[in-house]
Amino acid sequence: MTKTEKIVLSYSGGLDTSIILKWLQEVYGCEVVTFTADLGQGEELEPARAKAEMSGVKDIRIVDLREEFVSDFVFPMLRANALYEGQYLLGSSIARPLIAKRLVGIAREVGADAIAHGATGKGNDQIRFELAINALDPSLKVIAPWRQWNIRSRTQLLEYAEKHHIPVPSDKRGEAPFSIDANLLHTSTEGKILENPAEVAPDHVYQRTVDPLDAPDAPEIITIGFEAGDPVSVNGKSMTPAALLSELNGLGGRHGVGRLDLVENRFIGMKSRGIYETPGGTILLAAHRGIESITLDRAAAHLKDEIMPRYAELIYNGFWFAPEREMLQALIDQSQAFVSGEVTVRLYKGSASVISRTSPWSLYSADLVTFEESAVAYDHRDAEGFIRLNGLRLKSWAARNGR
Ligand code: ARG
């Protein structure tokens, strides 16, 4: 093994990465550059700088990636109406390729030969980071301390922290925290009591949504404007992608929208249980489907729905920077040129329901569909032949079965 000269560490300032920083400095004895991304996790980032400084880090990078995250990763994914296993809006999955991209950029800038991350050996995140790094710079080495050191559990991690005088953060109740991953799209919570899927998640797990039972009794009606498949305004006010998502997070959170208690299949091969809160994303998914319902041709819409599970799985499994994801993205993007207009959504006790939609590009024809008389050239008798031909094979089939 060649000697490692310089490492860029994906550093949150939390317990795990603080321990990793210390461990890297001890084991590799080389310079470690820290990179902390602001993805709208709603946490102060200056404490991360202070902690890195205290650990002797000379080159500390803290970068605000909120707009890039939403415009170049979240919105393209929303164009596909992507859901993993029918339910998960992929809030953690979609953040990893962006973090990896920046890690690679910094590694090149500072002449580092390795990237280190704090994802454990059991999860999806290690795969997402490393596949992205492989795709962006095959020459970079990856260091995953969780797969290399002798620490085997969170309990042992806490013991290591105590021994090395690394402060251990605690949750509001003074207990060791859950494993939480947050950004502008979602908060994901895993671990501890949640590891038993038979246990109901305690209320204090939830961070950005109220319990729908406690949400206001009055519904709130909002309007979302779309331009070529992407949301651009809320209630008539134009907003940048990050501002828009954060506005919808506030609105949805107040009405208990976007909670999900899910047992999912990890790429690595085990089932895991997590609690997700995706208020803004849940509203946007409903609204995007609403605007697509009047602006997309039937076959185009159905083709999108056919490839969606495949596209979502690629993102979940860490293949954002892969040719097949880019190919599917091109197909999805191509479909969105006329997906513009306005959708009205009602937020009420945990639900986000589309209640109206309009578009200058609408394919909807009231004249065509109306139960009343209409001037459009539609001959009802055409339907007779249409049904007769479609029924032909069913008649043969039924006759054979009856023999
Ligand atoms: N299970 C989710 C996923 O694979 C969330 C993972 C979040 N990471 C964490 N450190 N809690 O996308």
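The values are calculated or read from the model by the stated rules, or taken from the named source; none is laboratory data. What you see is a predicted model; the values in this text were computed from it and never measured. Backbone-built Cβ (ideal geometry, glycine too); neighbour counts: all protein chains shown.
Worth a mention:
- Residue in region 243-256 that is of a type outside the set (Ser, Thr, Tyr) and touching a Phe, Trp or Tyr at 6+ places or on another chain (Cβ under 6 Å) present: no
- Criterion applied to Asp211, Asp203 was being without any contact (Cβ under 8 Å) to a residue 12 or more places away in the chain and touching an Asp or Glu at 6+ places or on another chain (Cβ under 7 Å), and the one residue passing it is Asp203.
- Of residues in region 292-302 being surrounded by 15 or more Cβ atoms within 10 Å (Cβ to Cβ) and touching a Leu at 6+ places or on another chain (Cβ under 8 Å), the one nearest to Phe267 (Cα to Cα): Leu296
- For the condition part of a helix (DSSP H, G or I) and either out of contact with any helix residue (DSSP H, G or I) (no Cβ under 9 Å at 6 or more places or on another chain) or of a type outside the set (Val, Ile, Thr) (or both), Lys101 qualifies.
- Exactly one residue among Glu85, Glu67 is within 18 Å of the chain's Cα centre (by Cα), over 14 Å from Tyr316 (Cα atoms) and charged (D, E, K, R), and that residue is Glu67.
- Residue in region 220-233 that is over 27 Å from Asp125 (Cα atoms) and of a type in the set (Ser, Thr, Tyr) present: yes
- For region 271-319, a residue qualifies if it is within 16 Å of the ligand (Cβ to nearest atom) and either at pLDDT below 95 or small (Gly, Ala, Ser) (or both), and the qualifying residues are Ser272, Gly274, Gly281, Ala312, Gly318.
- Applying the criterion of being among the hydrophobic types (A, V, I, L, M, F, W, C) and touching a residue at least 12 places away in the same chain (Cβ under 8 Å) to the residues of region 351-403, the residue that is surrounded by the fewest Cβ atoms within 10 Å (Cβ to Cβ) is Ile355.
- Residues of region 78-98 that turn out to be assigned to a helix (DSSP H, G or I), within 15 Å of the ligand (Cβ to nearest atom) and surrounded by 23 or more Cβ atoms within 10 Å (Cβ to Cβ), as a count: 3
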